[in-house]
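Just below is one structure, and these are the notes that go with it.
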Amino acid sequence: MAHAKSIETLARNVIRELRKLTNPERQAATLSYFPSAMENLGVAVPDLRKVLRWAKAEARGLEDAELLALVQAIIDQATLEGRQLAYELLAARKSLLYGLTTTQAKRLGKGMDNWVSVDTFAVSITGQLWREHKLGDAEILRWSRSRDRWWRRAALVSTIPLNMKSRGGTGDVERTMQLCEALADDEDEMVAKALSWALRALIPVSPVHVEDFLADHDDILASRVKREVRRKLETGKKH
């Protein structure tokens, strides 16, 4: 087993490698695109992928518990790109991902304060667990009632792996509709955007259910949701 000190060292090295790839222009552009209390390192996605591959190689010999400790140590350093990398590093180890408890999953989401972190968390971790019935419906519904906009968004985005083939989904109308119903009248912009995404991802599975949902909730849905989802139904495209 790796020593705790070596785990912390590796976590710091991950952030060091990310810092080497800071792009000031991207950093400036993204500060307003997904504002956060976390440090924005300004690392482009292709460069983040390079560091992720390096981190996977460095962590190859770690046991699941050690890798989870590494993931948490990276998150605890409070950088946007570090958190994103940590979630994807965990998701790549299926034995660890599907062995997570609800408490462990929630701890990994603690501190989320922007849509990029939430979406990576929900698509790569909680949505995968929920699809495989390793995270309960009651827990996801509890998030939908949270005062924290980001946990409400996480609940909706967790539906994406239920329905999107590229994320392993085969279709789950019932659970998706349950979440959409719960948050249909949420006026928060970040939640409304997630609702739009959840409904659009369900269209290839059951366009009829989506059409009925729009009709039944026309008086309470945000204009954005109705516009984007109807366009997707009619043209197959969001814009």
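The values are calculated or read from the model by the stated rules, or taken from the named source; none is laboratory data. Predicted model, so just to flag it, every value in this text is computed and none were measured. Backbone-built Cβ (ideal geometry, glycine too); neighbour counts: all protein chains shown.
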For this session: Identify all residues within the stretch 160-179 that are in contact with a Ser or Thr (Cβ under 8 Å, 6 or more places away or on another chain) and part of a helix (DSSP H, G or I); write none if there are none.
Result: 162, 163, 173, 175, 176, 179
Exercise. Out of all the residues in the stretch 222-236, which are within 23 Å of the chain's Cα centre (by Cα) and either outside any helix (DSSP H, G or I) or outside the structural domain of residue 177 (by TED's automatic domain parsing) (or both)?
Worked result: 222
For this session: Determine which member of the set 68, 97, 85, 141 is touching a residue at least 40 places away in the same chain (Cβ under 8 Å) and surrounded by fewer than 24 Cβ atoms within 10 Å (Cβ to Cβ).
Result: 141
For this session: Only residues that are buried (at least 18 other Cβ atoms within 10 Å of the Cβ) and touching an Asp or Glu at 6+ places or on another chain (Cβ under 8 Å): list them for the stretch 176-193, please.
Result: 192
Seminar exercise, completed: Only one of 159, 170 is in contact with a Cys (Cβ under 9 Å, 6 or more places away or on another chain), closer than 24 Å to residue 209 by Cα and not aromatic (Phe, Trp, Tyr), namely 159
Seminar exercise, completed: Selection from the stretch 36-74 of residues closer than 27 Å to residue 150 by Cα, small (Gly, Ala, Ser) and not in a helix (DSSP H, G or I) yields 36, 37, 42, 44
Exercise. Only one of (1) of a type in the set (A, V, I, L, M, F, W, C); (2) free of Cβ contacts under 8 Å to residues at least 40 places away in the same chain; (3) surrounded by 14 or more Cβ atoms within 10 Å (Cβ to Cβ) is not met by residue 201, so which one is it?
Worked result: (2)
Problem set entry | Qualifying positions in the stretch 84-130 - polar (S, T, N, Q), closer than 21 Å to residue 43 by Cα and not in a helix (DSSP H, G or I) | 114
